[in-house]
Every structure is written in C-alpha cells, then in structure tokens.
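Trainee: One structure coming up, written as structure tokens, with questions to follow.
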Amino acid sequence: MYAITAGETRINGQRVETFEREVVKDRAQLNVIAGTTGYKGRNHRDAGCRVYVGLDCVCGDFNFSPVTDGRGRMTGVEIAGCGDDSLTALVRALKFAVRVLDEQRLEFGD
C-alpha cells in the first residue's frame, strides 16, 4: 500500500481538490498529483470544470519537454524515460492520475 495525500490547487480561481502519491520502482521515483472539480455542464473557461495533473521526477532517467505550436505557444508536454523502472513508474503514476480523475468525475449512474 502507499500513502495518498489530499491537497488542493486553484485553477482560474476555482478550488480543485487534489490527491498526491509517490511512485517508486527501484531506480525511478515520480510524485504524481491529480484532481478535478468534476463535470460542470459547460465546456468553456468561465463555467466548465477544472482538471489538474502534475508529475515530478524525484529520481530516474526522465525528460519532460514542452510541445509548442508554430507561434511558439506551449500546447503540450512530452515525457520520455529510459529503463524498465522508468516505464513501470510512469505507468503506475498515470494509472493513479486516471483513477483519481475518474472517481472525481463520476456522475450518478456511471
């Protein structure tokens, strides 16, 4: 079992409850934080939901790089890792983030 820490962040002034855990696989360690306000019934910045995912490399062979468009605006992020431990740690971190977001977004009947 692993420890999960509850916290919060703010996105455009809205409070988002987050959950954080440490993922360790021998030579690779990531901290992962995820959270969402859940569905708000809207698809725009003023009234829609907020979602947050953060990954922090504590140790291991990872590279996190921005993806930019033709105008130089950041539109994404690339994650690269080397080694079997990096693969396992990244998969575990992403699975945790998906579980958090999925549980926070569920609506009645899901």
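We did not get these values from a lab; they are worked out from the coordinates using the rules stated. Note that the structure is predicted; figures quoted are calculated from it, not measured. Here the Cβ is made from the backbone with ideal geometry for all residues, glycine too, and neighbour counts use every protein chain on show.
Trainee: When LEU90, LEU101 are ordered from fewest to most other Cβ atoms inside 10 Å of their Cβ, what list results?
Mentor: Going from least to most buried by this count: LEU101, LEU90.
Trainee: Here is a follow-up. Read phi for every residue in segment 66-81 and hand back ³J(HN,Hα) as whole Hz from Karplus 6.51 cos²θ - 1.76 cosθ + 1.60, θ = phi - 60°, with x for Gly and Pro.
Mentor: Listing the rounded values in order: x, 10, 10, 8, x, 9, x, 7, 6, 10, x, 9, 9, 10, 10, x Hz.
Trainee: Could you give the length gained on full extension between ARG45 and ASP26, defined as 0.36 nm per residue of separation minus the Cα-Cα distance, in nm?
Mentor: 2.8 nm
Trainee: Can you give me the P(r) profile for the chain? Cα pairs, bins 10 angstrom wide beginning at 0, each as a whole percent.
Mentor: For the chain, the binned pair fractions read 14, 36, 35, 14, 1 percent.
Trainee: Sticking with this structure for a sec: How high is the relative contact order of segment 1-47, in percent, counting Cα pairs under 8 Å that sit 6 or more residues apart?
Mentor: Value for segment 1-47: 27 percent.
Trainee: Counting other Cβ atoms within 10 Å of each Cβ, which chymotrypsin sites (Phe, Trp or Tyr not before Pro) in segment 1-102 have at most 11 and sit in a DSSP loop?
Mentor: TYR2
Trainee: Using DSSP loop states and a limit of at most 15 other Cβ atoms within 10 Å to flag trypsin sites (Lys or Arg not before Pro), what is the longest stretch of the chain containing no flagged site? Present the calculation step by step, with values, prior to reporting the outcome.
Mentor: On the way: sites that count: ARG27, LYS40, ARG42, ARG45, ARG71, ARG73.
The answer is 74-110.
Trainee: Of GLY60, GLY72, GLY81, which has the largest mean-square fluctuation in a 10 Å C-alpha GNM of the chain?
Mentor: Result: GLY72 has the largest fluctuation of those listed.
Trainee: Let me ask something additional. Counting pairs of alpha carbon atoms under 8 Å apart in space and at least six apart in sequence, what relative contact order in percent does the chain give?
Mentor: Result for the chain is 25 percent.
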